[in-house]
Amino acid sequence: MDSIHSVQELIERTAGMPLERMRFFINEDRREPRCFGIYQDPSNGHWVVYKNKSDGSRAVRYSGPDEGYAANVLWMKIQSEIELRRKKYDLKERRKQFIITALLGVAFVAVLIAFLIVSFRSPHRGYYTIDDGVYYYQDSSWYYYDDDYDDWIYYDTPGDYDWYHDNYYGDTYPGLEQNFEDSEYYVEPSDDDDDSSIFSGWDSSDTDWDSDW
C-alpha cells in the first residue's frame, strides 16, 4: 500500500469510489454512528482522523498538524476495508460456486440414476411370452405372432409400462412356423444397438479421464 501525503491526494486517489456507501467522509466532521472521516479542526488547524462507533461514541485515531500523516492514516484504513471486503466477496463467490457445483452434481446423479432405472427397465431385443401370446421387441417397437396366419403383425403396446416385465423368453423361440428373424419387420441389430441398456457399446477409451467434471 503506497502512501499519500495530503488530503487533496487522498481525494484524487479515492475518486470514483463510493465513499459515502463505504462510510468514509473526507473534510467532513460527521457525528452519526458507524463512519470514518478526516477534517481540519478550525479552532486550531489540526487534522483529525476519527471513527464513530456503532453506539455513537468517537475514537480519534490522529489529531495533529501533520496533514500528510493524517491523510495517510485514513487512506490505509480505506485500503484495509477494501481488502477485507474483497476477501469476503471472494469467500462468498467460492461458497456460491461450491453450492452451484454441489447442486449440479446432485442433479447429475439424480438424472443418471433416473436414466439407469429407465434403461434397466427397458425391454431387451428378443422374444416375450405374455398371456400365452408370443411377442418380439426390436428398435422400440413390439410385434405379435398371429397363430391364425402364422405371421407377425405390429403390436400397439398397452398403457401399462411394466406389462412385459418378467416375461422375457430369449433370443430364440422354438415351435413357431415363422421366426421373427424371417419376417418382413426384422432388422439386423447394429453395433450401437442399445435396446438392452446404456452400457451396450460402452468404450472407456472415449472418456476424457484428465478433464474436470
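The values are calculated or read from the model by the stated rules, or taken from the named source; none is laboratory data. Note that the structure is a prediction, hence the values are computed from the model and not measured. Cβ coordinates were reconstructed from backbone atoms using ideal geometry, including for glycine residues, and neighbour counts include every protein chain displayed. When the accessible area is computed, the model is the full protein with side chains, heavy atoms only, and any ligands, DNA or RNA have been set aside. Shrake-Rupley method; radii C 1.70, N 1.55, O 1.52, S 1.80 Å.
Taken together, the residues in the stretch 147-164 that are at pLDDT below 75, surrounded by fewer than 14 Cβ atoms within 10 Å (Cβ to Cβ) and not aromatic (Phe, Trp, Tyr) amount to 4. Select from the stretch 12-27 the residues that are open to solvent by less than 70 Å² (accessible area, probe 1.4 Å) and over 42 Å from the mean Cα position of the chain (by Cα) and list them in ascending order. Passing the criteria: only ILE26. Taken together, ASP146, ASP66, ASP55 contain a single residue that is touching a strand residue (DSSP E or B) at 6+ places or on another chain (Cβ under 6 Å) and either acidic (Asp, Glu) or on the phi > 0 side of the Ramachandran plot (or both), which is ASP146. Look at the stretch 172-183 and say how many of its residues are in contact (Cβ under 8 Å) with a residue 12 or more places away in the chain and open to solvent by 60 Å² or more (accessible area, probe 1.4 Å). Counting residues in the stretch 172-183 that are in contact (Cβ under 8 Å) with a residue 12 or more places away in the chain and open to solvent by 60 Å² or more (accessible area, probe 1.4 Å) gives 2.
Select from the stretch 33-71 the residues that are part of a helix (DSSP H, G or I) and either of a type in the set (Lys, Arg) or open to solvent by 30 Å² or more (accessible area, probe 1.4 Å) (or both) and list them in ascending order. GLU67, TYR69 - these are the residues of the stretch 33-71 that are part of a helix (DSSP H, G or I) and either of a type in the set (Lys, Arg) or open to solvent by 30 Å² or more (accessible area, probe 1.4 Å) (or both).
Screening the candidates VAL109, VAL134 for the property of being open to solvent by 60 Å² or more (accessible area, probe 1.4 Å) and either at pLDDT below 80 or more than 22 Å from SER190 (Cα to Cα) (or both) yields one hit, VAL109. Among the listed residues LEU91, LEU104, LEU116, LEU84, which satisfies the condition of being under 30 Å from PHE180 (Cβ atoms) and out of contact with any Lys or Arg (no Cβ under 6 Å at 6 or more places or on another chain)? Being under 30 Å from PHE180 (Cβ atoms) and out of contact with any Lys or Arg (no Cβ under 6 Å at 6 or more places or on another chain) holds for just one of LEU91, LEU104, LEU116, LEU84, which is LEU116. None of ARG85, ARG94, ARG121 is surrounded by 10 or more Cβ atoms within 10 Å (Cβ to Cβ), at pLDDT 85 or above and farther than 23 Å from ARG23 by Cβ except ARG94. A single member of ARG86, ARG125 is basic (Lys, Arg) and within 30 Å of GLU28 (Cβ to Cβ), and it is ARG86.
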